[in-house]
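Participant: Dropping the structure in here first, questions after.
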Amino acid sequence: MKTKQITTSNANDEQLKHLYQTSFPENEQIPWTDLLRLIDEMHLDFTAYYEQDNLIGFTIVFPHEPFNWYWYFAVKPELRGQGRGQKILTALIEKYKGKICVLDMESPKQICNNTEQRKRRHAFYLRNGFRDTNLYRKFGDIEMTIMIMGKGSFTMQDWDNITAELRKFWTWD
């Protein structure tokens, strides 16, 4: 597996943009043009993953002390369930080894039309060393659960602090 750091100068990859725009509900996306601006302004770690020259997925992390926030993680739909997501997450965990990492994901406890998918995703992160903080946030009608990897705990005040940092650059209200 090869990686490519995505910057504003090489982010014009239509395949990458398409994967981003089709992997997440629209109300969970930062508009592509805003996301490209944030790469530089927030020093985002936007990494694309390839087998040979074929895109298999990407991750976007907001590296910030004391918590590195895993924003987005996507694998091409036709490649899901084949271990590629596991390889990507393993590489990402190794990259941030020894650091505290958090992510928010759709809650597996919320009744919805993709409950089983959410449960599988939640179990995937648990198997890989994340802990469920049992903290929840709502974005519109979507309930998100916050997960953490590393020593220590994560509180709603921590969430408010890290999202306040994002709001300095972009707002979603």
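Participant: Could you please let me know if F130 is buried (at least 16 other Cβ atoms within 10 Å of the Cβ), under 27 Å from K4 (Cα atoms), in contact with a helix residue (DSSP H, G or I) (Cβ under 8 Å, 6 or more places away or on another chain) and of a type in the set (A, V, I, L, M, F, W, C)? Reasoning before the result, please.
Facilitator: Numbers: buried (at least 16 other Cβ atoms within 10 Å of the Cβ): yes; under 27 Å from K4 (Cα atoms): yes; in contact with a helix residue (DSSP H, G or I) (Cβ under 8 Å, 6 or more places away or on another chain): no; of a type in the set (A, V, I, L, M, F, W, C): yes.
No; evaluated as a whole, the condition is false for this residue.
Participant: Still on this structure, I have one more. Please give the number of the condition T171 fails out of (1) within 29 Å of T33 (Cα to Cα); (2) at pLDDT 95 or above.
Facilitator: (2)
Participant: Return yes when Q52 is at pLDDT 90 or above, out of contact with any helix residue (DSSP H, G or I) (no Cβ under 9 Å at 6 or more places or on another chain) and of a type in the set (S, T, N, Q) and no when it is not. Can you show your working first?
Facilitator: On the way: at pLDDT 90 or above: yes; out of contact with any helix residue (DSSP H, G or I) (no Cβ under 9 Å at 6 or more places or on another chain): yes; of a type in the set (S, T, N, Q): yes.
Taking the combined requirement at face value, the residue satisfies it.
Participant: So, one more: Counting just the residues of the range 136-164 that are loosely packed, with under 10 Cβ neighbours inside 10 Å and assigned to a helix (DSSP H, G or I), which one comes out modelled with the highest pLDDT?
Facilitator: Q157
Participant: Please determine, by comparing only the residues of the range 18-53 that are charged (D, E, K, R) and within 15 Å of the chain's Cα centre (by Cα), which one is farthest from R118 (Cα to Cα).
Facilitator: Of all residues in the range 18-53, those charged (D, E, K, R) come to 26, 28, 34, 37, 40-41, 45, 51, 53.
Within this subset, residues satisfying the condition of being within 15 Å of the chain's Cα centre (by Cα) are 26, 28, 45.
Numbers: E26: 17, E28: 15, D45: 25 Å.
Per the stated criteria, the residue is D45.
Quick grid of which residues meet (1) free of Cβ contacts under 8 Å to residues at least 24 places away in the same chain; (2) among the basic types (K, R); (3) touching an Asp or Glu at 6+ places or on another chain (Cβ under 6 Å):
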residue: P25; (1), (2), (3): no, no, no
residue: L44; (1), (2), (3): no, no, no
residue: D53; (1), (2), (3): yes, no, no
residue: F67; (1), (2), (3): no, no, no
residue: K87; (1), (2), (3): no, yes, no
residue: K109; (1), (2), (3): no, yes, no
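Participant: Looking only at the range 109-135, how many residues end up being in a loop (DSSP other than H, G, I, E, B) and over 15 Å from the mean Cα position of the chain (by Cα)? Before the answer, list the steps.
Facilitator: Restricting attention to the range 109-135, the residues satisfying the condition of being in a loop (DSSP other than H, G, I, E, B) are 109-114, 128-130.
Those left that are additionally over 15 Å from the mean Cα position of the chain (by Cα): 109-114, 129.
Selection size over the range 109-135: 7.
Participant: A further question follows. Output the residues belonging to the range 69-85 that are small (G, A, S) and without any contact (Cβ under 8 Å) to a residue 24 or more places away in the chain. Even if it seems obvious, please write down each step before you answer.
Facilitator: Of all residues in the range 69-85, those small (G, A, S) come to 74, 81, 83, 85.
Answer for the range 69-85, where residues must be small (G, A, S) and without any contact (Cβ under 8 Å) to a residue 24 or more places away in the chain: G81, G83.
Participant: Within the range 67-102, which residues are among the basic types (K, R) and in a helix (DSSP H, G or I)?
Facilitator: Start the filter on the range 67-102 by keeping residues that are among the basic types (K, R), which leaves 76, 80, 84, 87, 95, 97, 99.
Selection gives R84, K87, K95.
Participant: Which count do you get for residues in the range 139-151 that are out of contact with any strand residue (DSSP E or B) (no Cβ under 7 Å at 6 or more places or on another chain) and without any contact (Cβ under 8 Å) to a residue 60 or more places away in the chain? It would help to see each step written out before you state the result.
Facilitator: We begin by selecting, within the range 139-151, every residue out of contact with any strand residue (DSSP E or B) (no Cβ under 7 Å at 6 or more places or on another chain); these are 139-141, 151.
Then keep just the ones that are without any contact (Cβ under 8 Å) to a residue 60 or more places away in the chain; that gives 141, 151.
So the count comes out to 2.
Participant: Let me ask another. Within the range 79-127, restricting attention to residues that are hydroxyl-bearing (S, T, Y) and within 15 Å of W69 (Cα to Cα), which residue is surrounded by the most Cβ atoms within 10 Å (Cβ to Cβ)?
Facilitator: At the first step, the residues of the range 79-127 found to be hydroxyl-bearing (S, T, Y) are 90, 96, 107, 115, 125.
If we keep only those that are within 15 Å of W69 (Cα to Cα) too, we end up with 96, 125.
Numbers: Y96: 16, Y125: 20.
So the residue we want is Y125.
The values are calculated or read from the model by the stated rules, or taken from the named source; none is laboratory data. Everything numeric here is computed off the predicted structure, so don't read it as measured data. A quick note on method: Cβ atoms are made from the backbone with ideal geometry, for glycine too, and the neighbour counts reach across all protein chains shown.
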